[in-house]
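Remarks on the structure that follows.
None of the figures in this text is laboratory data; all of them are computed from the coordinates on show. Since we're looking at a predicted model, the values are computed, not measured. Cβ sites come from the backbone with ideal geometry, for glycine too, and all protein chains shown count toward neighbours.
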Amino acid sequence: MEHILGQEWEIVPAGGATGEAFFAKHKGQQLFLKRNTSPFLAVLSAEGIVPKLIWTKRLENGDVITAQQWESGRELKQADMNNERVAKLLKKIHGSKPLLSMLERLGKSPLTAEIILQIIEEDLDEDLRDRDIIVQSIEFLRKEIDHIHCEEMTVCHCDVNHNNWLLAENNQLYLIDWDGAMIADPAIDLGMLLYGYIPKQEWDEWINRYGLTLTDDLLLRMKWYVIAQTINSIQWHKSKSRFEEMNKWIQFLIDLHRSYEN
């Protein structure tokens, strides 16, 4: 990184799972550098969804380095997820034609409920497959699959955890970490956000702020995708031997089913 920016820049790793991200600082200017980011980043920047893209450079070895303006600020707290601005930004993302067009140009095809269920059934290991709560969940997914339809597939972030929302010091709200973006039913994002952060009695109001009505169809789609994503999270944490996190998601799944029985 030093030979790209110059020796006068202070460059430190930014952490993260890939080790491909860095902070750079020089004379009051701060940049966020990342290696081999998708061209999708340029459209996200142009739409004001992530901090501004400053430049892109291709190295001799074929790697591409991107530099974004580093925004000081804070992650959203769990309670912040009920803020109207979160609903409005998510609606902007789901309604963005430039974002959808770019993902299509990058070769992304829609992630349907049928594909998601097929992946779950192929990837789930035997130990998890035999657990009662997983058996109950997969039975639900199979039973309702024919009722899961979406008229308009959109760009979905697929990980709307509060840690991925950045409120900058200038009060600009961003949604960052787009590595898992897909073309899918927006109920994927809506379900995980509502189930994860919003009390059930406030769902109707939140969805109204987003710009929809909380219909039985939307409720079913959100529940279906939340159960599917939770099973995927359980499998992923187990594969990484992160058993504490795996058990938290198992309990989340148990509580989800129990809430519908009461």
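The HN-Hα couplings worked out from phi for segment 23-40 by the Karplus form 6.51 cos²θ - 1.76 cosθ + 1.60 (θ = phi - 60°) are 9, 10, 9, 7, 6, x, 8, 10, 10, 10, 9, 9, 9, 6, 6, 5, x, 4 Hz, whole numbers, x standing for Gly and Pro. Here Kirkwood radius over Cα pairs in Å was computed from the coordinates, and among [x] 18.7; [y] 20.1; [z] 19.4 the match is [y].
Pairs of Cα atoms under 8 Å, at least six residues apart: use those to get the relative contact order of the chain, whole percent.
Once divided by the residue count of the chain, the mean separation gives 17 percent.
Once Rh for segment 78-139 is found with the Kirkwood sum over Cα pairs, what is the Stokes-Einstein diffusion coefficient at 10 °C and 1.306 mPa s, in µm²/s? It diffuses with D of about 105 µm²/s by this estimate. The mean sequence separation of alpha-carbon pairs under 8 Å and at least six residues apart, normalised by the residue count of segment 188-235, gives a relative contact order of 48 percent. The residue list 156, 141, 117 was ranked by how far each Cα lies along the charge dipole of segment 75-259 toward its positive end, using unit charges on Cβ atoms, and 156 comes out on top.
Candidate cross-link partners of residue 240 among the lysines, defined by an alpha-carbon separation under 18 Å and a same-chain spacing of 8 or more, comprise 248.
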